[in-house]
Every structure is written in structure tokens, then in C-alpha cells.
1. Taking the chain as a Gaussian network, where each spring joins two C-alpha atoms under 10 Å apart, which residue of 136, 36, 24 fluctuates the most?
2. Determine the shape class of segment 100-202: with a ≥ b ≥ c the square roots of the Cα gyration tensor eigenvalues, call it rounded for a/c under 1.5, and otherwise prolate if a/b is greater than b/c, oblate otherwise.
3. When a/c reaches 1.5 or more, the comparison of a/b and b/c decides; with that in mind, is segment 20-93 rounded, prolate or oblate per its Cα gyration tensor?
4. When only C-alpha pairs under 8 Å and at least 6 residues apart count, what is the relative contact order of segment 257-383, in percent?
5. Regarding segment 303-360, what are the three Cα extents along the principal axes, ordered largest first, in Å?
6. At 4 °C and a viscosity of 1.567 mPa s, what translational diffusion coefficient does Stokes-Einstein give for segment 234-383, taking Rh as the Kirkwood radius over Cα pairs? Give it in µm²/s as a whole number.
7. Order by neighbour count: 60, 363, 228, fewest other Cβ atoms within 10 Å first, most last.
8. Over the Cα atoms, compute the radius of gyration (one decimal) and Dmax (the largest Cα-Cα distance, rounded to a whole number) for segment 4-154, in Å.
Ligand SMILES: *Cc1c(COP(=O)(O)O)cnc(C)c1O
């Protein structure tokens, strides 16, 4: 069994994807070709934001947002302790200090009560300027934006939604990647909507930031006159080279259609099968709050504390079932932050999660039989 069956997805979409890839090869419009614009328009409309700017990957997307806001030395950026490294790496890369905040043990997302406590502490100490929050839609579930937005407003903080795992999720019908002042996503192959390499996107309703982001993505080009063919070589700021390849945009077009047409609902069906099969097993199952819709980047359970996770993984592997540990280390304990103020965090929930979580094979192409097999073998393995 595949952990995430990308070969199966390719088999289903092969004729469309092959045709798109070959047409880009034939056109030789490899950088900023028409498919890039077509994709940006389509996904901006789907998400319900004014601007979508694609870029090279989800990490660049966060970094570019931070740069557009001028986040830097002396700034504190609040980040969940339980996430992929990029969420904290990017503000740190811009010179800011990530302040790690504990998460909710049911949703795995940043705990708004602890977020407000962390902000108050930073404000009271006065060492850093409380600047922004990076909220993460972990494993596909949108963070608690109603509460987080309220807090950001109260303390005058910018909100970045790291939707790398969240594309397709929603709260009361409002789509993920529309909740931040700027929101970002990733098209890394294993994400809910993935391409065939690296890719990412940045979303905002703010015209000025959108313009600035487009400039930063292409070496700080002058965007004031888009019809001037030389404008690309008028560099008005230091930028980056961060673009989505035309071929990746072309691959994403049919994949996005499949995602909207059936993949997102199918992966929810597979997740429901897991939830049904694993209830009453003593495992803590991922919580989806009323009104929230997950894009199920992962289906992550918590094993009882007395169960040896390595042993469970070995037993599953022996019967052909892959499993993963997302994530084994809290952000504040990562070696990169050793000796910095980012290492001083009180996050007992994250520490417990890192010791007990296990992510199970999941994708829209899994059958009921696949799920039944994982469920019965997992039950055996934890007995
Ligand atoms: C994958 C991921 C990223 C980074 O995306 P890349 O495209 O791999 O750079 C950022 N944040 C989170 C939460 C992610 O899962």
C-alpha cells in the first residue's frame, strides 16, 4: 500500500496531464507561460480572494509574505509549536524571532488562549515588537480563525495563514487560504493539491501587497508599468527568483479540476471510514469541529501513552502498511533554535503529541478495503 498513492492518481489523470506537459514542451514557454496566469485566476476564484501569486514553493511563499510586511530583526512572530519547520523557519530567516505557542490536543492547531497569553508576555517584557501570527492549517483542518482574527485585531498583529496543508478546507463555507491578511499554500507533491515538483502560492485581497509580492518574486522588478517589456530589468528592490514553472502550472490545471470535482469529497469519505473504524479503540482521533471542513492532508491519530510507537510501525510495515510520524520534534526544541529565545517555550501538549502521533495512509483513491485493512492491523498492533 502507498502512503499517498500518487502513481494511482497519475494513472487516472494520465491522458490529460501528459497532453498538458507536452504542450508546454512544444510551446517552449517554460517560464511565466499562459498556464501560470490561468491557474492563478482559477484558484483565486476558488479560494475567494482577489489576488493569487504563484511562486517556487510553500516556504518561499511564507518568506515573501514576511518580506512584503517588512518583518525582521526585533520582531516577534507567533507560530504553533506543532508544525512543519517552514512555519517558523521563514520568519527566522527574515531575522525575526519565532515565539512558539502550544496547540489544541484535539485539532492539532494553535490554541487561541495560549496565543493571547504569549502575546501578552512578549508585550509585557518589551524585548520584541509583537508583529505577526503564522497560523497553520495542520493536516488539512483550518485553524480557529474566528478566535485568532479577534486576537490579531486586539493586539494589532498581521495574520499569515500557512495553508500549505489546508488548501480545500473551509469554515462555514469560507475557504482556507482566504483567512490571513496574506495566506500561503504549497503544491509539494504530497500536499492536498500537489504538482510534480516544488510549487507554491500566495493569496491576498490587498492590491498594494499583491503588487509588492509580484515584484519580490521576480528580482524586485518594477511592476508600475506591466506593458513595458523592459520593466523586468528595472529592479527597484532586492527580490528573489521565485516562480511556478509553466509545466507545473499546466500539470496543476487538470489536477485542480479533479481536486474540486471529486478528490476533496473522496478524501473526506476515506477519512470518515477511518473515524468510523477506529472509534472505541482507545486511540485519540482527529477532531473536526462543527462547521469546519478538512482537506485531510493527513489522518493523524494519537496512540495510548503506553504503546510503543516504533513497534506499531514495524508491525504495520510487516503487513505492507506504511505510516509516518508528523511531527516527532516540537519546533522550540529544534537544533536550529538552540540558545535563542525561540527555544524558551512551554508547550506540554505539543511534547505529548510528538511522542504519540501516528499518520495513516490516506488519499482520495483509497478503497474501503484498504481502510479496513489498516484499521484491523492497527487494532492488532496496539493490543
Ligand atoms: C509543506 C509545508 C510548508 C512548505 O512547503 P514547501 O512547498 O515544501 O516549501 C510550509 N508549511 C507547512 C505547514 C507545510 O506542511
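1. Ranking 136, 36, 24 by mean-square fluctuation puts 24 first.
2. prolate
3. Verdict is prolate for segment 20-93.
4. 37
5. Over segment 303-360, Cα extents along the principal axes are 44, 21, 14 Å.
6. 71
7. By the 10 Å Cβ count, ascending, the order reads 228, 363, 60.
8. Spelled out, the Cα radius of gyration and Dmax of segment 4-154 are 19.3, 60 Å.
Every read-out reported here was derived from the displayed coordinates using simple, explicitly stated rules and does not represent laboratory data. Small disclaimer: the values here were computed from a predicted structure and weren't measured. Backbone-built Cβ (ideal geometry, glycine too); neighbour counts: all protein chains shown.
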